[in-house]
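*Asks:* One structure, pasted below without further comment.
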Amino acid sequence: MAVIKIENLTHVYSQGTPFEKVAVSNVNLEIEQGEFVGVIGHTGSGKSTLIQHINGLVAPTSGKIYIDGQDLWQDKVQRHAIRFKVGLVFQYPEYQLFEQTIYDDIAFGPKNMGLDEQEIDKRVRRAAEFVGLTADMMEKSPFELSGGQKRRVAIAGVLAMEPKVLILDEPTAGLDPKGRDMILGQIKEYHETVKSTILLVSHSMEDVARFATKALVMNHSKMFMYDTVENVFAHASEIEKMGLSVPQISKVVMGLRAKGYDIPANIHTVEGAKQAILKLAQQGGMTNA
């Protein structure tokens, strides 16, 4: 069963006014449990509005949203419980830190779930370990930390609620390459260990290619495509026409194919390109290179 099911979702901002804008138009989507989905689209494509619907922050103008088989908007009391199944990490989440200690910040979500102290403690320490925060840091103030460490505390606060679906909106924005790779690596490890469903909103096609199993492409409020990463980036030329980038290696593959080399269009990693080129060379297909 799909952990996220969206039926005919449409959202219109400022409906009935001169400022009316269709942000999401008739989206139908099913995401299975355990997928790692990269969500991509140009600014104004509707991707941010879409993920806010999945968390119940925005109500549909029309259509249905099911989380783990439950209609998110059928019942107000039920909706409160369903929301705990979907964790949303906003862009620059460190700005939302407010407790006196790292421990208390991570524990905030589990406390609001009504869990007992033993369960809260277990979840806090497990979430901290996932993001690389050591036990001796727990009583420190989060405001003593570096930007990257604060980001990890904020992410740990969402992980501690152990959501079935984890949504991250540009989680590496503003970080240096080392900090970005560290956080994405920790998110990947969390995904492989917990088997939760992850939606990663990113402008980096390389990050989507490296970490995601599937990609969701939004374009002008509509869903252009939802498929495996390989199949999505096989449509590199169409994606570029939308004003989006594609992984650099996809551009190399496109260039080689344009020159007549018989290389599969769905290659999106350096290793994949290497293997395809070696195979072609062994078959004598690179003699004119």
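*Asks:* Which of the following residues is at pLDDT 95 or above, closer than 19 Å to Ser202 by Cα and not acidic (Asp, Glu): Ile167, Ile120?
*Replies:* Exactly one of Ile167, Ile120 is at pLDDT 95 or above, closer than 19 Å to Ser202 by Cα and not acidic (Asp, Glu), namely Ile167.
*Asks:* Does Phe143 qualify as being outside any helix (DSSP H, G or I) and among the aromatic types (Phe, Trp, Tyr)?
*Replies:* So Phe143 does not fit the description; no.
*Asks:* Looking at Ala23, is it more than 16 Å from the chain's Cα centre (by Cα) and surrounded by 17 or more Cβ atoms within 10 Å (Cβ to Cβ)?
*Replies:* yes
*Asks:* Ok, one more. Can we say Val217 is β-branched (Val, Ile, Thr) and within 16 Å of Ser245 (Cβ to Cβ)?
*Replies:* yes
*Asks:* Something else: Answer with yes or no whether Met223 is surrounded by 22 or more Cβ atoms within 10 Å (Cβ to Cβ) and of a type in the set (A, V, I, L, M, F, W, C).
*Replies:* yes
*Asks:* Look at Gly114 and say whether it is part of a loop (DSSP other than H, G, I, E, B) and farther than 27 Å from Ala173 by Cβ.
*Replies:* yes
*Asks:* Can you tell me how many residues within the range 61-114 are farther than 26 Å from Val3 by Cα, modelled with pLDDT under 95 and crowded, with 17+ Cβ neighbours inside 10 Å?
*Replies:* Adding up the residues that qualify gives 2.
*Asks:* While we're looking at this one, here's another question. Scan the range 31-75 for residues that are part of a loop (DSSP other than H, G, I, E, B) and within 16 Å of Phe224 (Cβ to Cβ) and report the count.
*Replies:* 5
*Asks:* Out of Ala209, Ala215, I need the residue that is surrounded by 24 or more Cβ atoms within 10 Å (Cβ to Cβ), in contact (Cβ under 8 Å) with a residue 40 or more places away in the chain and not in a strand (DSSP E or B). Which one?
*Replies:* Ala209
*Asks:* Does Glu170 count as on the phi > 0 side of the Ramachandran plot and in contact with a Phe, Trp or Tyr (Cβ under 9 Å, 6 or more places away or on another chain)?
*Replies:* Yes.
*Asks:* Which condition number in (1) out of contact with any Asp or Glu (no Cβ under 9 Å at 6 or more places or on another chain); (2) farther than 27 Å from His235 by Cα; (3) in contact (Cβ under 8 Å) with a residue 60 or more places away in the chain is the one that Ser45 fails?
*Replies:* (2)
The values are calculated or read from the model by the stated rules, or taken from the named source; none is laboratory data. Only a predicted model underlies this, so the values are computations on that prediction, with no experimental measurement involved. Cβ atoms come from the backbone with ideal geometry, glycine included; neighbour counts cover every protein chain shown.
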